[in-house]
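K.L.:
Below you will find the structure I want to go over with you.
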Amino acid sequence: MTTISTHVLDTARGMPARGIRVTLQRSAGPDAWGDLAMGSTNADGRIPDFVPKEVTLTEGIYRMRFDVSAYFSEHKTKSFYPYIEVVFELAADGHYHVPLLLSPWGYSTYRGS
């Protein structure tokens, strides 16, 4: 069984980023994506039960789109990024945690546990 989760931390403020809308998509071919899940981060920067149970995750290319513009606007912070897209590949069953470390002028991500 394959699962995906995410967590957004605002490294400039030193706290979880609440209210960031995240969309999970699967590649359907060159420049074509299909939506699988959508949610907003909670006070802990997470989206509990992000991927609905009826969605089966298989090997392939996936993308998470983090819409950060509204978050930065809410905090009256200028930002270089209106959104951030993280593209990754599921190659085997397991848990894929895709955290985003966020600041107004940069970001970092990795495969977590």
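The values are calculated or read from the model by the stated rules, or taken from the named source; none is laboratory data. Just so you know, these numbers come straight off a predicted model, no measurement behind them. Note: ideal-geometry Cβ built from the backbone for every residue, glycine included; neighbour counts use all protein chains shown.
K.L.:
Can you confirm whether G19 is of a type outside the set (K, R), touching a helix residue (DSSP H, G or I) at 6+ places or on another chain (Cβ under 8 Å) and on the phi > 0 side of the Ramachandran plot? Spell out the reasoning first.
P.N.:
Values: of a type outside the set (K, R): yes; touching a helix residue (DSSP H, G or I) at 6+ places or on another chain (Cβ under 8 Å): yes; on the phi > 0 side of the Ramachandran plot: yes.
Against the criterion (of a type outside the set (K, R), touching a helix residue (DSSP H, G or I) at 6+ places or on another chain (Cβ under 8 Å) and on the phi > 0 side of the Ramachandran plot), G19 qualifies.
K.L.:
Shifting gears a bit: Only residues that are basic (K, R) and at pLDDT 95 or above: list them for region 40-77, please.
P.N.:
Scanning region 40-77 gives R46, R63, R65, K76.
K.L.:
Further question: All but one of (1) of a type in the set (K, R); (2) touching a residue at least 40 places away in the same chain (Cβ under 8 Å); (3) farther than 18 Å from Y83 by Cβ hold for R65, so report the exception by its number.
P.N.:
Condition (3) is where R65 drops out.
K.L.:
Moving on to the next point. Can you pull out the residues in region 72-86 that are free of Cβ contacts under 8 Å to residues at least 60 places away in the same chain and either touching a Leu at 6+ places or on another chain (Cβ under 7 Å) or of a type outside the set (S, T, N, Q) (or both)?
P.N.:
Result: F72, E74, K76, K78, F80, Y81, P82, Y83, I84, E85, V86.
K.L.:
On to the next question. Residue check: is V86 assigned to a strand (DSSP E or B) and touching a helix residue (DSSP H, G or I) at 6+ places or on another chain (Cβ under 9 Å)?
P.N.:
When the stated conditions are applied, V86 does not pass them.
K.L.:
Still on this structure, I have one more. Which fully enclosed strands (runs of 3 or more DSSP E) of region 1-83 have 2 or more residues being among the hydrophobic types (A, V, I, L, M, F, W, C), out of contact with any Asp or Glu (no Cβ under 8 Å at 6 or more places or on another chain) and surrounded by 11 or more Cβ atoms within 10 Å (Cβ to Cβ)?
P.N.:
Counting at least 2 such residues, we get 2-10, 33-40.
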